[in-house]
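Q: First the structure, which I've put down as C-alpha cells, then a few questions once you've had a look.
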Amino acid sequence: MPIVETSPDPAGTAEDVPLGASLLGMADVASAWGRSRAALVLRAAGEAMLSERRQPMPTLHRLAYVSRATAASRAEAEDHLADILAVARRHNEEVGLTGALLHSRRWFAQVLEGEPGALEVLYARIARDPRHRDVTLLALHPAARRAFPGWSMLHAGQAPERLMRRAMAALGDKAACSAVLRDLMATLRLRAA
C-alpha cells in the first residue's frame, strides 16, 4: 500500500513525485514547495501520465488520517462527535463514501473509502474543520474492496491513546506510517464486526 508523501523534501525535483499521485498528494507537494515549484510539479506529473498513457485510476480508494481534537471539555467533545456523525452519515451516503471513525476528547482517526474525487473534496473540508487541528494524512491509495461497506460512517468508539501517539510520531516515516495504518485498520475492523 503506497503512502502519500505529505512532507516532501523542498530540495527535491519533479522526478521525486510518484507518477499517478492524486491531486491531493500533488497539492501537498505544491503547498510545501511554494508556488513556482507547484507549477513544475503539476506540469511534470501531468506530462508523465500522458506520455505513459496510463490507465485511469481505480475508482475505489481508501484515505486515512489522524488529528488532534480541539474540544475543551468532555461535554464539548460529545457535542462535536454527535454533530460530525450526523453530518457525515448523511453526506457520505449521498456521495457514495463509507468509513469508520475513532474519537476521544483528544484525538480523531478516520478511514474513508470511495471515489478519489469525493475523498479529496471531503478531506479538504475536514482539514478546515475547527473541531480538530494537525489533520495529518496517513494514506490515500487504491483499494480492492471496501472494508466498511455497510457504514456511511461507523463510530468505532474510543481512539486508543497509544495508537494515536504512534500515529503522530510516525509522520514522515513510511514504514512507521504503514504499521500504524495496519493497526488502525485492524482496530476498526475488529470494532465493526
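Values quoted throughout were computed directly from the atomic coordinates according to the rules given, and no laboratory measurement underlies them. It should be emphasised that the depicted structure is a prediction, and the values quoted were computed from it without experimental measurement. Glycine gets a Cβ as well: all are built from the backbone with ideal geometry, and neighbour counts include every protein chain shown.
Q: Kindly write out, for the stretch 66-78 in residue order, the coupling ³J(HN,Hα) from the Karplus curve 6.51 cos²θ - 1.76 cosθ + 1.60 (θ = phi - 60°), rounded to whole Hz, with x marking Gly and Pro.
A: 10, 7, 9, 6, 9, 4, 8, 8, 4, 4, 5, 4, 5
Q: Right, something else. Sort Val95, Val66 by Cβ crowding within 10 Å, fewest neighbours at the top.
A: Fewest-to-most Cβ neighbours within 10 Å comes out as Val95, Val66.
Q: What is the order of Met153, Met168, fewest Cβ neighbours within 10 Å to most?
A: Ranked by crowding around the Cβ, least crowded first: Met168, Met153.
Q: What area, in nm² and to one decimal, does the C-alpha convex hull of the stretch 61-192 cast on average over all directions?
A: Its Cα hull, projected and averaged over all orientations, spans 7.2 nm².
Q: Using the basic label-point model (7 angstrom from Cα toward the beta carbon), what is the Leu171 to Leu190 distance in nanometres?
A: Here the modelled spin labels are 2.6 nm apart.
Q: Let me ask another. Just rank Arg182, Arg131, Arg191, fewest to most, by other beta-carbon atoms within 10 angstrom.
A: So the ranking, lowest neighbour count to highest, is Arg182, Arg191, Arg131.
Q: Residue farthest toward the positive end of the dipole of the stretch 61-192, with Cβ of Lys/Arg at +1 and Asp/Glu at -1: which of Ala109, Leu122, Val95?
A: Going by the charge dipole, the pick is Ala109.
Q: Rounded to the nearest 20 debye, what is the charge dipole size of the stretch 61-192 about its Cα centre when +1 sits on each Lys and Arg Cβ and -1 on each Asp and Glu Cβ?
A: Value, rounded to 20: 400 debye.
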